[in-house]
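The values are calculated or read from the model by the stated rules, or taken from the named source; none is laboratory data. Just so it is clear, the model here is predicted, and its values are computed rather than measured. Reconstructed Cβ throughout: ideal geometry from the backbone, glycine too, with neighbour counts over all protein chains shown. Just so you know, the surface numbers come from the protein's heavy atoms only, side chains and all, with ligands and any DNA or RNA stripped out. Shrake-Rupley method; radii C 1.70, N 1.55, O 1.52, S 1.80 Å.
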Amino acid sequence: AHGHLRNGGTAMSRINPRLLGAALIAIAFLVAPFVLSGQPYLLRIVTMAAIYAIAAYGLNIILGLTGQLSLAHGAFFGVGAYIVGLLTTDYDWSFWGSFLVAIAVTTLLGYASGLIALRTQGAYFAIFTMALGFLIFIIVTRWESVTHAHSGVSGVKLPEAIGPIDFSEPTALYYLVLFFLGGAAYTTHAVLNSSSGRALVAIRTSEDLAKSIGVNVALNKQLAFTASAGTAGLAGG
């Protein structure tokens, strides 16, 4: 009996608590539509939570892994949302075409912004990205002929059906968002366990130390900022 208990304890100790927690969260997300059956408002809230989780994974790349506090992340999220909204309403684009443009534009915007922002460090980087966020906010709220400003954007198209999957149905739309959330989670995990992820963690620990072991600090920070912005744009879209 003692041997069985010892073997059982050993098996339990091999379970990674983080993986167990992630598995439980994943199961909760998967069964949410069945638990919330007949409650579309609550399902919409959970769908929005999943969207914000995608954006949080993007922020984790630049802040959690690289240690750079970007205060423009919400602005990139907003740019992605506005691109999809404006292209599908004012220009009658399909959702999927607008969605791809949103990801591409926010990624390019992140790259261009990073070329300037990442010349600064610490509090100066945070201040620059905060200013960038305010600049985008001012453009969105003042350029009424393009963004409709405070009037907002209405009538945004839902994703077009893929085969028999109709995304006008809330459960199908929820699982579409969950698909992208799973992709964001997997990508972040893969990056963390790659040589690029270790380089980013080294930069977060000490940029001077990272340089001394051959890490291209400028390039890795640029890529992290660009990926972070693109992920925020994806979530916004």
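Among residues of the range 73-101 that are on the phi < 0 side of the Ramachandran plot and among the acidic types (Asp, Glu), those with a Cβ under 9 angstrom from a residue that is open to solvent by 20 Å² or more (accessible area, probe 1.4 Å) and not in a helix (DSSP H, G or I), sequence gap 6+ or separate chain, pair up as Asp90/His148; Asp90/Val153.
The residues of the range 97-122 that are open to solvent by 70 Å² or more (accessible area, probe 1.4 Å) and not hydroxyl-bearing (Ser, Thr, Tyr), listed by number, are Leu100, Leu108, Leu115, Ile116, Arg119, Gln121.
Once the range 30-62 is narrowed to residues that are hydrophobic (A, V, I, L, M, F, W, C), in a helix (DSSP H, G or I) and free of Cβ contacts under 8 Å to residues at least 12 places away in the same chain, the residue that is surrounded by the fewest Cβ atoms within 10 Å (Cβ to Cβ) is Phe34. Restricting the range 111-131 to residues that are more than 17 Å from Ala227 (Cβ to Cβ) and in contact with a helix residue (DSSP H, G or I) (Cβ under 6 Å, 6 or more places away or on another chain) leaves a set whose member that is modelled with the lowest pLDDT is Thr120.
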